[in-house]
Amino acid sequence: MQAPSTSLLLSIEALASGLFLLTALGTVAARQLLTCFHLFVWQSILLSASAALLGLALSSPHLLAVAAITLATKTMLIPWLLRKTVHDEVYRIREIDQVLNIPTSLLLALVLAGVGYVFFVEMLRGIAVPAYALVNLPIGVAVLLLGALTLTVRREAVAQLLALLVAENGVFFAGIAIVPNLPAIAELAAAVDVPVYTLVVGLLTRRIHSELGTTMVGRLTALRED
Amino acid sequence: MLVHIGYNLLQVAVVIGFAPLVEGVLARLKELVQSKRGPSIFQPYRDLAKLLCKDEIVSRRSSWIFRTAPYVAFTAPVFVALLIPVLTRYPLFFAFMGDMLGVGFVLAFGGFFVALAAVDSGNPYGPMGASRTRMVGFLTEPVFLIVFMIISLVAGSTIPYIVQSEWIRSPAAFFAPWHVLLVIAFLLLILAEDGRLPVDSASGHFELAMIEKSKSLEYSGRGAALMKWGGAMKLFVLMVVFLNVLVTPWGLAGPADTSLAGVLLAVPLVLLKMLIFLVVLVVIESSLAKLRLFRISEFTGAAFVIAVVAMVSRLFAA
């Protein structure tokens, strides 16, 4: 009885990880800031679901705690903080300023996702790892790289913050698979850390927006002294 | 064998018979989402009956291409219906006549003829729509090819029936991350190929913005009916490939029960699956705005990237 339900849970976890990767690709392709925001929330929900499913499948209370903490911070607290601190006008941006155009950044995303896969699957080949780690780890690394790419390409403060959070999600996603017994204290530390830097960046963005009327930080290249 | 031929023809009859219904339900659902009552779900049948009774007017300047195109547009999905698992899970008589590339080829052939006819008609909007369709077409082509490549890699075959039974045999592959990505890529493909909303507005009446519809503007009477019917069948056939082969391979008549009752029982199940898909389609279409023409490459580019990532993850993680 135990075995089939475990394999079913792991299958659904694999499904969630596919969708997780999809949301990261979505953040690379999205032009509207609000879409990026929603994708991040969905991605966090999937991360939490994935942790919960792995926790149930491996009967690990640590992962269930991770799922609960992720759900509380990343799908509720952080979005709420972002909506509160950053002016509403910023979320109405329909065309995020980008260094590269979207097809080019999508192709780069393709290369990075490929690197995530090729590199990590080759690295894990000699080591005995469970099947779910083989699913999660390359996807986590790919999402980390995609987040870093988005962070580099975008010229918009809030979009960059969201990219950073996406990259952070990727790290966690890889983490829950390789360290199922992650001490809850580490997760708790991250759960405090991430909202704090969201708050700091959010407040900074608010300040930039009120001073300059824009959040296109890509334009802030020179220091003016007077 | 005769029974198999019979079932095969039954599949074609189902595609021909229910395609307008699907169109009607789609239109009705869309109106319901917009808090309107909308026409009856049987309206497309009435439209077809009316058009078939009317006289056809053909420009004296047009050539045979213009006159034959509606027949090609109508018969192409009919041929496809012979090749794909509409009702049964076991291969029928014509199943090995062509594979999924064959399906793509037949549909593309129909599309090609319609595009030629649009150029032939002399209407200024026709060639514009035709060239735009070609643009969307060549952007979606690589996605098609990669999706087919992954499928053939997994199932060891490109015959739709064999691919379909592969998902039933191995549920682990069904839930694999690359399968989800594949399904999403194919969904985006259907939206682009069938002229659905982020790419083209199927219910728009503004000629300058048309992609799909402008090609049949010059048709009247029987020609218009066949074009309309053919378009509905194309959507039906694409949905069958998507639902019965890729997403939900269940609910079809199995090899254990080859009786007519079993095959007929599959009809409501397939229609139910389609209804669910139509709801999803309506949600997508109602929540997205039409893309600007030169942004379509971003949409298909996203589909391409998703398909290639699916391929990479299948090649390296399996």
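The values are calculated or read from the model by the stated rules, or taken from the named source; none is laboratory data. Nothing here was measured: the structure is a model prediction, and the numbers come from that model. We place every Cβ from the backbone using ideal geometry, glycine too, and count neighbours over all the protein chains shown.
Structure notes:
- Residue tally, condition out of contact with any Phe, Trp or Tyr (no Cβ under 8 Å at 6 or more places or on another chain), assigned to a helix (DSSP H, G or I) and without any contact (Cβ under 8 Å) to a residue 60 or more places away in the chain, over segment B:57-74: 1
- Residues of segment B:17-56 that turn out to be touching a residue at least 40 places away in the same chain (Cβ under 8 Å), touching a helix residue (DSSP H, G or I) at 6+ places or on another chain (Cβ under 7 Å) and either within 30 Å of residue B:254 (Cβ to Cβ) or assigned to a loop (DSSP other than H, G, I, E, B) (or both), as a count: 10
- Residue count for segment A:38-48, restricted to those that are surrounded by fewer than 20 Cβ atoms within 10 Å (Cβ to Cβ) and hydrophobic (A, V, I, L, M, F, W, C): 3
- Being within 12 Å of another protein chain (Cβ to nearest Cβ) and more than 20 Å from residue A:70 (Cα to Cα) is not true of residue A:127.
- Filtering segment B:1-16 to residues that are without any contact (Cβ under 8 Å) to a residue 24 or more places away in the chain and surrounded by 15 or more Cβ atoms within 10 Å (Cβ to Cβ) leaves only B:9.
- Looking across A:157, A:142, one residue alone is crowded, with 21+ Cβ neighbours inside 10 Å, touching a residue at least 60 places away in the same chain (Cβ under 8 Å), more than 27 Å from residue A:9 (Cα to Cα) and hydrophobic (A, V, I, L, M, F, W, C). It is A:157.
Residues checked against (1) farther than 26 Å from residue A:29 by Cα; (2) assigned to a helix (DSSP H, G or I):
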| site | (1), (2) |
| --- | --- |
| A:176 | yes, yes |
| A:190 | yes, yes |
| A:199 | no, yes |
| A:202 | no, yes |
| A:215 | no, no |
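- With respect to (1) within 14 Å of another protein chain (Cβ to nearest Cβ); (2) within 24 Å of residue B:92 (Cα to Cα), the lone exception for residue B:265 is condition (1).
- The number of residues in segment B:95-140 being among the small types (Gly, Ala, Ser) and farther than 14 Å from residue B:234 by Cβ comes to 11.
- Helices (runs of 4 or more DSSP H) contained in segment B:121-228 and holding at least 2 residues free of Cβ contacts under 8 Å to residues at least 12 places away in the same chain and within 14 Å of chain A (Cβ to nearest Cβ): B:171-175
- A Cβ distance below 8 Å, combined with a sequence gap of six or more or placement on separate chains, defines the contacts here; from segment A:202-226, residues that are farther than 18 Å from residue A:98 by Cα reach residues that are among the basic types (Lys, Arg) and modelled with pLDDT of 75 or more in the pairs A:202/A:84.
- Note on segment A:39-62: residues that are in contact with a helix residue (DSSP H, G or I) (Cβ under 6 Å, 6 or more places away or on another chain) and over 13 Å from residue A:16 (Cβ atoms) amount to 4.
- Flag for residue B:284 being hydrophobic (A, V, I, L, M, F, W, C) and surrounded by fewer than 19 Cβ atoms within 10 Å (Cβ to Cβ): yes
Each row is one residue, and each column tells you yes or no for (1) of a type in the set (Ser, Thr, Tyr); (2) modelled with pLDDT of 90 or more; (3) closer than 21 Å to residue B:175 by Cα; (4) in contact with a helix residue (DSSP H, G or I) (Cβ under 9 Å, 6 or more places away or on another chain).
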residue	(1), (2), (3), (4)
B:228	no, yes, no, yes
B:234	no, yes, no, yes
B:248	yes, no, yes, yes
B:257	no, no, no, yes
B:265	no, no, no, no
B:279	no, yes, no, yes
B:287	yes, no, no, no
B:290	no, no, no, yes
B:295	no, no, no, yes
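- In segment A:50-101, the residues that are under 17 Å from residue A:34 (Cα atoms) and within 14 Å of chain B (Cβ to nearest Cβ): A:94, A:95, A:96, A:98
- Selection within segment B:79-101 - more than 19 Å from residue B:243 (Cβ to Cβ) and surrounded by 17 or more Cβ atoms within 10 Å (Cβ to Cβ): B:79, B:94, B:98
- Exactly one residue out of A:15, A:8, A:25 is surrounded by fewer than 18 Cβ atoms within 10 Å (Cβ to Cβ), part of a helix (DSSP H, G or I) and within 10 Å of chain B (Cβ to nearest Cβ), and it is A:8.
- Close pairs from segment B:297-318: first within 7 Å of chain A (Cβ to nearest Cβ), partner outside any helix (DSSP H, G or I) and of a type outside the set (D, E, K, R), Cβ under 9 Å, at least 6 apart: B:298/A:101; B:298/B:291; B:313/B:176; B:317/B:176
- Looking only at segment A:145-154, and only at residues there that are touching a residue at least 40 places away in the same chain (Cβ under 8 Å) and more than 16 Å from residue A:17 (Cβ to Cβ), the one that is surrounded by the fewest Cβ atoms within 10 Å (Cβ to Cβ): A:152
- When each of A:75, A:104, A:70 is tested for being touching a Leu at 6+ places or on another chain (Cβ under 7 Å) and either of a type in the set (Asp, Glu) or part of a helix (DSSP H, G or I) (or both), the lone residue that passes is A:70.
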